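First the structure, in the form of structure tokens, and then the observations on it.
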Amino acid sequence: MGLTLSAASLAVTLVLVELVLRWGILPDSFQPQTTELVTAGQSRLFRPDFRKPRREPGPKEDQFRIVVVGDSFAWGDGVHAEDAFPDRLEIRLNAVSRGDRFEVVNWSRPGWNTVRQYRSLKDRLDWLDPDLLILSVVLNDAEPTEPEELEELRTGIVTREPGPGLSASLYGHSRLYQWAWDRLENTRRRRELTAYYHSLFHGEHWQAFGRAVRSLHKATRSRSIPMILVVFPIFDCQLDDSYPYLELHAKAGEVGESLDVPVLDLTEEYQAVDARRLAVIPFTNAHPNELAHRMAADAIVDYLARARLVPPLDYVPRHRRRDPRLEP
């Protein structure tokens with residue numbers, strides 16, 4: 001009798017959970033969260049993808065020109081062009097300028113790795129004539145350039161569908177089964193993605209990344225163009241002590257430091273904020289959203305002012321600001 005009641009109770013519970021899932025009232029903390037690789041497809045073109053009509057860079061007059069080169073993070077995947085940090089950086093700098101006019105050229109394209117970024121710039125630096133180059137670094141920038149090699153490397157992180165037969169049928173008809181499958185699949189993919197990003201920081205792909213950064217530095221140094229690296233975190237999990245890529249950030253920073261290139265790692269900038277507020281779609285589309293881009297632009301302005309990499313600004317760097325809570 002007791003066994004019958006237990007089985008009946010379990011059946012009723014499963015039915016109730018199924019109904020809750022169908023009605024879409026499951027709390028957010030229990031909603032299945034998926035994650036994706038932060039790339040928007042590879043392109044063989046070595047030219048940026050300008051998202052809006054813009055003036056071709058020409059002879060400079062009194063403006064201070066900054067060129068930002070990057071991938072889909074700098075390009076602004078998931079946000080409006082004017083909300084991406086390069087456009088915000090231009091607006092912010094001009095707002096605190098003491099008379100100099102700032103121009104920020106967003107020389108970015110979704111799918112570019114650092115090798116492609118260098119190839120796109122090496123013959124155009126004289127034409128662009130920047131006063132400062134910002135290299136936006138994301139952890140997938142060490143991916144291989146050849147599509148076939150990249151596809152093979154990503155084999156383990158491809159989303160799996162339920163197999164034919166009972167599993168596929170349950171996935172198509174049961175919200176409970178669908179929820180459980182998605183949770184398990186997301187856990188597997190997150191584990192595979194973590195291993196994937198770590199694999200990029202070893203061997204020939206990592207060496208190619210280092211060579212591209214060194215070549216870009218050599219090209220800018222020969223023209224007396226300052227260069228900085230801005231390293232973004234991956235917004236697919238919380239950026240606290242559990243963030244699995246801190247050692248990769250350190251390794252990317254070491255490349256810049258070995259060349260005496262300033263490095264701004266934005267991870268610390270975001271650590272006090274719930275990462276679900278920073279991604280385009282929380283833990284699903286791992287690109288920075290409008291808030292994250294705004295924070296990046298503010299942090300870069302602060303860094304440029306402190307490092308004196310731009311003309312003097314009507315701006316007080318954060319480390320010199322008074323805390324009003326400490327005022328008498």
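The values are calculated or read from the model by the stated rules, or taken from the named source; none is laboratory data. Since we're looking at a predicted model, the values are computed, not measured. Here the Cβ positions follow ideal geometry from the backbone for every residue, glycine too, while neighbour counts run over all protein chains shown.
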Exercise. Does any residue of the stretch 100-112 turn out to be closer than 28 Å to Cys237 by Cα, polar (S, T, N, Q), in contact with a Pro (Cβ under 8 Å, 6 or more places away or on another chain) and touching a residue at least 24 places away in the same chain (Cβ under 8 Å)?
Worked result: yes
For this session: Check the stretch 67-74 and report whether any residue there is without any contact (Cβ under 8 Å) to a residue 24 or more places away in the chain and under 28 Å from Ser222 (Cα atoms).
Result: no
Exercise. Is there a residue being at pLDDT 80 or above and in contact with a Lys or Arg (Cβ under 6 Å, 6 or more places away or on another chain) anywhere in the stretch 155-165?
Worked result: no
Seminar exercise, completed: Counting only residues in the stretch 91-145 that are polar (S, T, N, Q) and surrounded by 23 or more Cβ atoms within 10 Å (Cβ to Cβ), the one nearest to Tyr303 (Cα to Cα) is identified as Ser136
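Test of understanding: among Gly256, Gly210, which residue is small (Gly, Ala, Ser), in contact with a helix residue (DSSP H, G or I) (Cβ under 9 Å, 6 or more places away or on another chain) and buried (at least 21 other Cβ atoms within 10 Å of the Cβ)?
Exactly one residue qualifies, and that residue is Gly256.
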For this session: Give me a count of the residues in the stretch 185-217 that are aliphatic (A, V, I, L, M) and over 18 Å from Pro233 (Cα atoms).
Result: 4
Seminar exercise, completed: From the option list Ala292, Ala297, Ala305, single residue qualifying as touching a helix residue (DSSP H, G or I) at 6+ places or on another chain (Cβ under 6 Å), under 27 Å from Glu103 (Cα atoms) and surrounded by 17 or more Cβ atoms within 10 Å (Cβ to Cβ) is Ala297
Seminar exercise, completed: For the stretch 38-76 the number of residues that are over 18 Å from Glu103 (Cβ atoms), of a type in the set (Lys, Arg) and modelled with pLDDT of 70 or more is 1
For this session: Kindly indicate which of Arg276, Arg183, Arg189 is within 22 Å of Asp298 (Cβ to Cβ) and either modelled with pLDDT under 95 or of a type outside the set (Asp, Glu) (or both).
Result: Arg276
Problem set entry | Residue selected from the stretch 189-203 under the condition more than 17 Å from His249 (Cα to Cα) and in contact (Cβ under 8 Å) with a residue 24 or more places away in the chain, by the criterion surrounded by the most Cβ atoms within 10 Å (Cβ to Cβ) | Arg189
Problem set entry | Hey, Thr220 surrounded by fewer than 14 Cβ atoms within 10 Å (Cβ to Cβ) and of a type in the set (Val, Ile, Thr) or not | no
Exercise. Considering Val310, Val316, which residue is of a type in the set (A, V, I, L, M, F, W, C), at pLDDT below 85 and within 20 Å of Phe64 (Cα to Cα)?
Worked result: Val316
